[in-house]
Structure formats: structure tokens, C-alpha cells
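For reference, the structure discussed in these notes is given below.
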Amino acid sequence: MYRILSALGKGSRVLAAGSFSDLAWLSEKQRDRLMELGKIGTVRPPPLAILPGWKRRAERFAVQGIITVVDFLEANTKELVEQSAKTGRPYKESTIERWKKDAKEWLIIKPRVDG
Amino acid sequence: MAQTQDAVNACDAEVFLDDATGVLQDISGSSNSVSFTWDNSLGEFHTFGAPWRAMQECGKAIDVTLNAVYSLPAAEAVAILLDWWYAIPSGRRTLEVNMPDNNVGSDHFEGEYRLDSLQATLDPADPNATIMTAELKSDLVQTHTTTAT
């Protein structure tokens with residue numbers, strides 16, 4: 001997962017500065033070049049446990065080795081549902097997707113707007 | 001201060017301009033300079049009792065000077081520019097520039113422009129290629145992205 005530091009053009013699509021992406025369509029060499037130019041950076045994701053309202057949830061995911069927001073976003077939703085079912089307190093797929101959407105917000109840096 | 005290892009020149013820059021049908025044509029091979037002026041509209045004021053100037057900003061615009069090498073094919077710069085000027089109304093067209101080239105990491109500038117003027121001097125004593133100069137003015141949103149495809 002990479003932090004987009006400068007707007008990237010992918011055909012007619014623009015990845016905004018402050019967002020993040022796995023840049024999977026680029027080769028490692030191309031990603032290294034963008035890194036070298038300071039156009040992207042590595043994401044240093046916060047642990048799930050520090051997100052407001054996530055303490056209990058984070059403890060349950062930690063058992064599966066999911067510690068940070070990026071670990072959570074990259075985890076397969078269906079597998080998370082299956083793992084949670086084994087604990088007797090299953091999560092719904094839609095719930096996990098909603099949490100992923102929420103968690104993603106914590107990684108996005110909003111552009112600065114001042115007078 | 002560290003010496004940059006990434007200085008670039010514009011030898012392999014690419015310039016694209018819409019033709020009359022709205023298809024982007026690569027006019028890099030029929031133009032030899034593009035000059036950008038990025039204008040940031042600033043206003044200033046002073047208030048009583050305060051010695052320092054205060055400023056605020058409002059509009060942004062880009063003015064482009066494009067030098068085209070005079071050639072005849074329809075898909076090359078001069079024919080596109082002449083066709084643009086003679087169309088009534090001339091309308092807006094897309095201009096895209098890749099600097100220093102179109103590789104990953106390059107700058108990509110894109111936006112809609114109006115043709116402000118065209119100028120060419122036809123000089124029988126000059127053996128050099130005739131150059132046509134187009135002045136373009138940005139119309140609406142302009143974008144600057146890093147090429148990542």
C-alpha cells in the first residue's frame with residue numbers, strides 16, 4: 001500500500017494526493033521511480049486499536065494477526081467472516097465492508113484548504 | 001545542499017492538441033516549443049494602523065505560447081491551428097503536455113484552451129523553417145498529474 005503524495009494520472013483517472021493505492025498495475029521498478037521522486041510514500045498505518053470505538057474489535061482481529069488499518073484493509077473479507085464465525089460471534093460481510101470503508105477514511109489525508 | 005540527480009530537459013517532451021473532430025493529435029513532431037505562464041491572480045490591501053501588506057488570492061489561469069513548425073499535413077500542428085482559427089466559432093480544445101516524456105514519474109499537464117491569436121511571418125529571405133506562434137488561454141479547470149501508467 002502506498003501513500004499518493006502528488007496527484008497521479010492513470011489514463012483518464014486521477015489518484016488524488018493524500019489518497020492511497022497498491023499501485024498494482026505498475027512494475028516494482030516504476031513504483032521505485034515514483035518513490036525516488038517523492039511522488040509516493042509508504043503508508044505507516046495506525047494500529048486498529050487506537051481508532052475510536054475499535055478497541056474490542058481490534059482485539060478480535062489481533063488474534064488473526066491483523067494489527068494495523070492496512071492489515072485490515074488487505075485482509076480478505078470472506079476469510080474474516082469465516083474466522084469470526086469460529087469464535088461463535090460471526091460478523092456479517094456487509095459489516096466488515098462498512099468497517100473497511102470507515103477504516104479507509106483514517107488513512108486519507110484531506111487536502112489543505114485555506115484562504 | 002544536495003545536487004539534484006534528476007534534472008531534465010524538454011528534448012523528449014510530448015505535445016498533444018485536439019483536432020477539429022476532438023481527437024488528440026501528437027504534434028510533438030511539428031512543434032518546437034511550448035511556453036507556459038501559470039498565473040495566480042492576487043489582490044492586495046492595507047488597513048489602517050497595520051504596516052504590512054495583506055494579500056488574498058482568487059483566480060488561476062494558464063497562458064500558453066506554442067511554436068509550430070510550418071508543415072502541410074492535416075494532423076500536424078500548423079494545419080490544426082489554422083483549422084482551429086478558421087472555424088466559427090473556434091471553441092475550446094484540449095492541450096496536453098508530457099514533461100520530460102511519457103514515462104512513469106513524468107509531469108502531465110492537461111486542460112481546455114481557447115485560441116487567442118496566431119502569428120506567422122512568411123519571409124522569402126529566410127531559409128529556416130517558418131514558425132507559426134499560437135497564443136492559447138486556458139478555459140476552466142487545468143490539471144497537473146504525475147504519469148503513472
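Could you tell me which of the residues A:Leu48, A:Leu107 is surrounded by 13 or more Cβ atoms within 10 Å (Cβ to Cβ), within 12 Å of the chain's Cα centre (by Cα) and more than 30 Å from B:His144 (Cα to Cα)? It is A:Leu48.
Of the residues making up segment B:23-55, those that are loosely packed, with under 10 Cβ neighbours inside 10 Å and in contact (Cβ under 8 Å) with a residue 60 or more places away in the chain number 0. Across segment A:20-30, the qualifying residues are those that are at negative phi and within 18 Å of the chain's Cα centre (by Cα), and the one among them that is nearest to the other protein chains (Cβ to nearest Cβ) is A:Trp25.
Based on what the data block shows, is B:Val104 outside any strand (DSSP E or B), hydrophobic (A, V, I, L, M, F, W, C) and within 13 Å of another protein chain (Cβ to nearest Cβ)? Judged against the criteria, B:Val104 is a match.
Is one or more of the residues making up segment A:92-102 crowded, with 16+ Cβ neighbours inside 10 Å, of a type in the set (A, V, I, L, M) and part of a loop (DSSP other than H, G, I, E, B)? Checking segment A:92-102: not a single residue is crowded, with 16+ Cβ neighbours inside 10 Å, of a type in the set (A, V, I, L, M) and part of a loop (DSSP other than H, G, I, E, B). Residue check: A:Val81 meets all listed conditions (1) touching a Pro at 6+ places or on another chain (Cβ under 9 Å); (2) in the same structural domain as A:Ala7 (by TED's automatic domain parsing) but one, namely (2). Counting residues in segment B:77-91 that are among the hydrophobic types (A, V, I, L, M, F, W, C), loosely packed, with under 13 Cβ neighbours inside 10 Å, at pLDDT below 95 and farther than 30 Å from A:Ile4 by Cα gives one or more. The set of residues in segment A:23-56 that are more than 12 Å from B:Ala148 (Cβ to Cβ) and assigned to a loop (DSSP other than H, G, I, E, B) comprises A:Gly38, A:Val43, A:Arg44, A:Pro45, A:Pro46, A:Leu51, A:Pro52, A:Gly53, A:Trp54.
Among the residues of segment A:57-91, which ones are assigned to a helix (DSSP H, G or I), free of Cβ contacts under 8 Å to residues at least 12 places away in the same chain and surrounded by 15 or more Cβ atoms within 10 Å (Cβ to Cβ)? Even if it seems obvious, please write down each step before you answer.
First, the residues of segment A:57-91 that are assigned to a helix (DSSP H, G or I): A:57-62, A:69-74, A:77-86.
Subset that is free of Cβ contacts under 8 Å to residues at least 12 places away in the same chain: A:58-59, A:79, A:82, A:85-86.
Result: A:Ala58, single match.
All conditions in (1) within 14 Å of chain B (Cβ to nearest Cβ); (2) touching a residue at least 40 places away in the same chain (Cβ under 8 Å) hold for A:Trp99, with the sole exception of (1).
Could you say whether any residue in segment A:48-59 is more than 14 Å from chain B (Cβ to nearest Cβ), more than 30 Å from B:Asn103 (Cβ to Cβ), in contact with a Ser or Thr (Cβ under 9 Å, 6 or more places away or on another chain) and not polar (S, T, N, Q)? Talk me through it step by step, then tell me what you get.
The first filter runs over segment A:48-59 and keeps only residues more than 14 Å from chain B (Cβ to nearest Cβ), leaving A:48-59.
After this cut, where a residue has to be more than 30 Å from B:Asn103 (Cβ to Cβ) as well, the list is A:48-59.
Checking the rest, the ones that are also in contact with a Ser or Thr (Cβ under 9 Å, 6 or more places away or on another chain) come to A:48.
Filter again for not polar (S, T, N, Q), leaving A:48.
Checked against the condition, which is being more than 14 Å from chain B (Cβ to nearest Cβ), more than 30 Å from B:Asn103 (Cβ to Cβ), in contact with a Ser or Thr (Cβ under 9 Å, 6 or more places away or on another chain) and not polar (S, T, N, Q), segment A:48-59 yields at least one hit.
Of all the residues that make up segment B:109-141, how many are surrounded by 13 or more Cβ atoms within 10 Å (Cβ to Cβ) and either farther than 13 Å from B:Phe36 by Cα or more than 12 Å from every other protein chain (Cβ to nearest Cβ) (or both)? Quick ask: steps written out before the conclusion?
Of the residues in segment B:109-141, the ones surrounded by 13 or more Cβ atoms within 10 Å (Cβ to Cβ) are B:109-116, B:118, B:120, B:130-139.
Restricting the remaining residues to those that are either farther than 13 Å from B:Phe36 by Cα or more than 12 Å from every other protein chain (Cβ to nearest Cβ) (or both) gives B:111-116, B:118, B:120, B:130-139.
The qualifying residues number 18.
A count restricted to segment A:1-19 and to residues that are more than 7 Å from chain B (Cβ to nearest Cβ) and outside any strand (DSSP E or B) stands at 7. Filtered by the rule that a residue be closer than 19 Å to B:Gly111 by Cβ, touching a helix residue (DSSP H, G or I) at 6+ places or on another chain (Cβ under 8 Å) and among the hydroxyl-bearing types (Ser, Thr, Tyr), segment B:6-44 gives a lone residue, B:Ser31.
The values are calculated or read from the model by the stated rules, or taken from the named source; none is laboratory data. Because the structure is a prediction, the values reported are computed rather than measured. Cβ coordinates were reconstructed from backbone atoms using ideal geometry, including for glycine residues, and neighbour counts include every protein chain displayed.
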